[in-house]
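Structure record follows, encoded as structure tokens.
The values are calculated or read from the model by the stated rules, or taken from the named source; none is laboratory data. As the structure is a computational prediction, the values presented were derived from the model and not from experiment. Don't worry about glycine lacking a Cβ; one is built from the backbone with ideal geometry, like all the others, and counts go over all protein chains shown. Accessible surface is based on the protein model in full, side chains and every heavy atom, while ligands, DNA and RNA are left aside. Shrake-Rupley method; radii C 1.70, N 1.55, O 1.52, S 1.80 Å.
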Amino acid sequence: MSQEVSHGKRIYDFFSSVKLAVILLSFIAISCVFGTLIKQGGTPEDYLEFYSESTYKVISFLGLDDVFHTWWFISLLILFTLNLFFCSLRRFKRDMTSIVIQRFPPTDVLKKMKTSIFLPGKNVESVLHELGKDHKVILKTNEGAYLEKGRISKYGVHFIHGSIIIILIGSLIGLIFGFRGFLSLKRGEEADYLVLRGKSPKKSELNFIVKCKDFRIDFYPDGTPKDYVSDIEIIRDGKKVLEQKIRVNEPIKYEGLYFYQASYGKEGIFHFEVDGKETVITEKGVLKDGNLIMRVIRYESSIHNFGPGVLLGYLEGNKPGTAWFLRDVERMNTKTIGGKTIRLKDIKEDLYTVLEVTKDPGVYVVWTGFVLLLFGLFLNFFTHSKKVYVTKYENGTIVTLILQRLNNVSEVEVEKMRRRFNVE
Amino acid sequence: MWNEHMFLSATYLYFLLILLSSFIASLRQKYLFHAIVIIFIIHTLALLIRWVESYKVGYGHAPLSNYYESLMVFSWCITLMVLILRKKINSSMVVLFIIGGSFLIMAYANMSPSIDREIRPLLPALQSNWLYVHVLTCFLAYSSFFLSFLSGILFFFKSKGPIPNPSVLEEINHKSVSIGFIFLTAGILSGAVWAHYAWGSYWNWDPKETWSLITWIIYALYLHGRFVKGWAGKKMAILSIIGFMSVLFTYFGVNFLLSGLHSYAT
């Protein structure tokens, strides 16, 4: 039995040691260095350009090409969370038990201290009455009393550590229950799904419709972009439930989902003449004319300074083929395929907006952690706890201040105390 | 543009102050603080004038948006830190070293031919009120860490002549790390909240974010070394020097060597 206890205690001691915290933090920091110096989330070709094949094998085996999502990095974070929890628990227990009062110091020692004030003609009771307004009387004896103020300062460190645990838990909630996806919409287009990000992008159905009414880019006079604006409508059961503009830095929120202005793109719209008959084909569209089927394979807005061009793939009966059309080159904008004269008349570009769509139920947990962390830092570094001894001496009372850490604060505090009791 | 003349004047004044106080004892002993206040006011005015002038060219944003402006704010924060901590520092020698830092940054930013000093428009990603909180807290952190770095360096020189004794340097070192740590935390957290509204996630493992975390961990180890292990002296001085190396990499290294979401800073 006793062996079992000591075994359990040893594990507890290990998990609650500052040593483990230092080791874990160092490993996390070193992993972070790798995660920034080595390109993250690249293709094998990206790495083979810089590293030898054997180095790349090591990189991909250890997951150094995606450090922050490897099982071992997430394990480090979880282990650190546990370590921090047990460390704090141990420290908290110690702090709670250490509030046992020390022995009352001898009067002649208190009398000599620099932070002592002698109040002639005042008795202990009246001083305690005054100080009792904002100090807590911890101990009272015949000779005097011991008071404390601002004990909360001692809890600053617990707020800091607790808040970091809360932030890490919040991020874990986001990791498990949240997702990131995107949506690209042309003007007037709508969608009832989004594409989830990841190694193999998946479609995810939405139970409402997102419609892009308009998308525009504003520019500064020098040509740099000033504003990206998507005019978005959310339609549910055939009814419009929300209409709002999305800008960079101004996402919209609907049903726990955030929609961000993330990016945009240009899509070509191609105006062809097939045997003199005008027809339009889009980048994803297919054109059928008799036994001829055509679709766009590639679109370049500029080919070797010859202007925009489009590569068409076609199926003439069962015979496949491809052909480049250049809009601005006379010889290259008309071709005969399957006995039909096909002429590229014009290419227009249409903008489409790319919206980032995210869900993160842990975000409010993280925000709570942020507020507590700043509060904890404030308590720890900007407030201080004060101990006061009030002692009977001759025909008056001695008030002694004991301050921790901040030595230059003590003069100010003593001066305040003097003024409080009207002594020079 | 007036702001550039003002910044250049401030640069010369920083230099003049350092030069004159090295020779004139009464300036160094009695009027150093007053002189720094005057230069600081000029430096502040230069920033404000640049802000006003950005409206004249039709952009209208605080001078917090590109590399040049960040350097101007960085040196401004260093001087501000000297003024805030003047009682704590209590050594004209250390003050002059720190002001020397402000001067070097100003000189580099205002004289180097490779730096674009034009007022540029603000990209959509930067158009947010979080810009003010985030940039100011980060640079206040960087400048406090600069103070701790200098006191850490001076710690290794035997306290002869004007170099204050080690306990004073330790006190400056510790105080500035504490202040820097609070500002760095505030800077990272405000950045995270901003990232949530601008990029869709409060943490993206962007190189600058990641390096700010590395820096934060180093200074967290510093504080625990002091509070838990009771480390002092040399160990603390070395840790504060390592910490500042990480700050430098977060600020410059990431901008010039790594690409990421923060790349508009170059």
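A compact table of results
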| item | result |
| --- | --- |
| Residue count for the range A:130-152, restricted to those that are in contact (Cβ under 8 Å) with a residue 60 or more places away in the chain and either under 28 Å from residue A:381 (Cα atoms) or open to solvent by less than 50 Å² (accessible area, probe 1.4 Å) (or both) | 12 |
| Some residue of the range B:67-90 being buried (at least 22 other Cβ atoms within 10 Å of the Cβ), part of a helix (DSSP H, G or I) and of a type in the set (Asp, Glu) | yes |
| Qualifying residue in the range B:15-26 (condition: free of Cβ contacts under 8 Å to residues at least 24 places away in the same chain and surrounded by 15 or more Cβ atoms within 10 Å (Cβ to Cβ)) | no |
| Some residue of the range B:142-157 being open to solvent by 10 Å² or more (accessible area, probe 1.4 Å) and free of Cβ contacts under 8 Å to residues at least 24 places away in the same chain | yes |
| Filter result for residue B:129 (crowded, with 20+ Cβ neighbours inside 10 Å, in the same structural domain as residue B:242 (by TED's automatic domain parsing) and among the polar types (S, T, N, Q)) | no |
| Flag if residue A:351 is surrounded by fewer than 19 Cβ atoms within 10 Å (Cβ to Cβ), under 30 Å from residue A:256 (Cα atoms) and either without any contact (Cβ under 8 Å) to a residue 60 or more places away in the chain or in contact with a helix residue (DSSP H, G or I) (Cβ under 8 Å, 6 or more places away or on another chain) (or both) | no |
| Any hit, the range B:106-117, residues being modelled with pLDDT of 95 or more and either more than 18 Å from the chain's Cα centre (by Cα) or crowded, with 24+ Cβ neighbours inside 10 Å (or both) | yes |
| Selected residue [exposed (fewer than 15 other Cβ atoms within 10 Å of the Cβ) and either more than 21 Å from residue B:196 (Cβ to Cβ) or at pLDDT below 90 (or both)] from A:203, A:213, A:253, A:226 | A:203 |
| Filtered residues of the range A:325-378 (kept if of a type in the set (Ser, Thr, Tyr) and either under 34 Å from the mean Cα position of the chain (by Cα) or within 14 Å of chain B (Cβ to nearest Cβ) (or both)) | A:352, A:353, A:358, A:364, A:368 |
| Yes/no for residue B:36 being farther than 19 Å from residue B:126 by Cα, in contact (Cβ under 8 Å) with a residue 12 or more places away in the chain, in a helix (DSSP H, G or I) and open to solvent by 10 Å² or more (accessible area, probe 1.4 Å) | no |
| 2 or more residues at pLDDT 85 or above and under 30 Å from residue A:108 (Cα atoms): qualifying strands (runs of 3 or more DSSP E) within the range A:321-424 | A:386-393, A:396-403 |
| Residue A:260 vs. criteria open to solvent by 60 Å² or more (accessible area, probe 1.4 Å), within 14 Å of chain B (Cβ to nearest Cβ) and of a type in the set (Phe, Trp, Tyr) | no |
| Identity of the residue in the range A:153-200, of a type in the set (Ser, Thr, Tyr) and open to solvent by less than 70 Å² (accessible area, probe 1.4 Å), that ends up farthest from residue A:85 (Cα to Cα) | A:184 |
| Meets criteria (at pLDDT 90 or above, more than 10 Å from chain B (Cβ to nearest Cβ), assigned to a helix (DSSP H, G or I) and surrounded by 13 or more Cβ atoms within 10 Å (Cβ to Cβ)) for residue A:12 | no |
| Conditions (1) open to solvent by less than 20 Å² (accessible area, probe 1.4 Å); (2) within 14 Å of chain A (Cβ to nearest Cβ); (3) of a type in the set (Ser, Thr, Tyr); (4) in a helix (DSSP H, G or I); number of the one not met by residue B:55 | (1) |
| Whichever residue in the range B:191-209 is of a type in the set (Gly, Ala, Ser) and more than 9 Å from every other protein chain (Cβ to nearest Cβ) and, among such residues, is farthest from residue A:181 (Cα to Cα) | B:191 |
| Residues within the range B:196-208 that are open to solvent by less than 20 Å² (accessible area, probe 1.4 Å) and modelled with pLDDT of 95 or more, tallied | 1 |
| Per-region count, the range A:27-55, residues under 30 Å from the mean Cα position of the chain (by Cα) and of a type in the set (Phe, Trp, Tyr) | 3 |
